[in-house]
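To start, the structure itself, in structure tokens.
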Amino acid sequence: MKFPIALVILLILFTAACRSNEIEQTESNDQNNSKLISVNDYLNVPEECAHKILSGKLIEQMSKKIHLFEIENIDETELVQKVFIYLSSEPSIGQKDELNNLALKCDWESWSPPAANHPLGFLTAEIKIELFKQVLCLEWIKKIDTAEREVQPD
């Protein structure tokens, strides 16, 4: 009777030790892939436009890219951010021209109009991070959010 109980206890301890090692490796990999950046290095946005940002994730992603560029881990062509731009109505020709002049790569076919349960329409775009503040403060842009999401298996 003692042998099966001891065997079960050893099996539980072995499983726990394996799981602990797996967690430590995952945490180690996460630390190598994501470095903390100073709060002073975060992208600052004008206070009068800050209410348009839907998620802090957007600022975090852009700040991280700027930091990676500064330490030469990415080049200038990678200093872009995919975003959702929210508008109250379909963009006019003048608004489209304004975004194109700011060198945004807008997917005009992605336009989703406002709906009863979602009062703002949106489209996807790719923006150079250096122009983000200028685009954010355009009067007719209502909200902006990241279109870059990290998907991880459960």
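Scanning region 139-150 for residues that are of a type in the set (A, V, I, L, M, F, W, C) and open to solvent by 20 Å² or more (accessible area, probe 1.4 Å) returns 140, 147. Across region 114-154, the qualifying residues are those that are part of a loop (DSSP other than H, G, I, E, B) and small (Gly, Ala, Ser), and the one among them that is nearest to the chain's Cα centre (by Cα) is 147. Restricting attention to region 114-152, the residues that are closer than 30 Å to residue 75 by Cβ and of a type outside the set (D, E, K, R) total 19.
Scan region 25-35 and give yes if some residue there is at negative phi, hydroxyl-bearing (Ser, Thr, Tyr) and modelled with pLDDT of 65 or more, otherwise no. Spell out the reasoning first.
We begin by selecting, within region 25-35, every residue at negative phi; these are 25-35.
Restricting the remaining residues to those that are hydroxyl-bearing (Ser, Thr, Tyr) gives 26, 28, 34.
From what's left, modelled with pLDDT of 65 or more: none.
No, region 25-35 contains no residue that is at negative phi, hydroxyl-bearing (Ser, Thr, Tyr) and modelled with pLDDT of 65 or more.
Quick one: how many residues across region 133-154 are over 15 Å from residue 43 (Cβ atoms), out of contact with any strand residue (DSSP E or B) (no Cβ under 8 Å at 6 or more places or on another chain) and either without any contact (Cβ under 8 Å) to a residue 40 or more places away in the chain or of a type in the set (Phe, Trp, Tyr) (or both)? Residues that pass the stated criteria total 7.
Could you check, for region 5-22, whether at least one of its residues is modelled with pLDDT under 90, within 23 Å of residue 150 (Cβ to Cβ) and surrounded by 10 or more Cβ atoms within 10 Å (Cβ to Cβ)?
So in region 5-22, the residues modelled with pLDDT under 90 come out as 5-22.
The next check asks that each one be within 23 Å of residue 150 (Cβ to Cβ); those that pass are 22.
From what is left, the residues that are surrounded by 10 or more Cβ atoms within 10 Å (Cβ to Cβ) are 22.
The answer is yes, given that some residue of region 5-22 is modelled with pLDDT under 90, within 23 Å of residue 150 (Cβ to Cβ) and surrounded by 10 or more Cβ atoms within 10 Å (Cβ to Cβ).
Residues that are assigned to a helix (DSSP H, G or I) and within 23 Å of the chain's Cα centre (by Cα) were ranked within region 93-113; the one that is surrounded by the most Cβ atoms within 10 Å (Cβ to Cβ) is 99. Restricting to region 48-59, give me the number of residues that are part of a helix (DSSP H, G or I) and surrounded by 14 or more Cβ atoms within 10 Å (Cβ to Cβ). Residues in region 48-59 being part of a helix (DSSP H, G or I) and surrounded by 14 or more Cβ atoms within 10 Å (Cβ to Cβ): 4 in total.
Sub-7 Å Cβ pairs linking a first residue in region 121-132 that is open to solvent by less than 30 Å² (accessible area, probe 1.4 Å) to a second residue that is of a type in the set (D, E, K, R), at least 6 apart or interchain, are 121/90; 123/107; 125/105; 125/107; 129/65, ordered by first then second residue.
For residue 74, the requirement of being of a type in the set (A, V, I, L, M), surrounded by 14 or more Cβ atoms within 10 Å (Cβ to Cβ) and under 17 Å from the mean Cα position of the chain (by Cα) is met.
The values are calculated or read from the model by the stated rules, or taken from the named source; none is laboratory data. All values reported here derive from a predicted model rather than from experimental measurement. Neighbour counts run over all protein chains shown; Cβ positions are idealised from the backbone, glycine included. Just the protein is used for accessible areas: all its heavy atoms, side chains included, with ligands, DNA and RNA removed. Shrake-Rupley method; radii C 1.70, N 1.55, O 1.52, S 1.80 Å.
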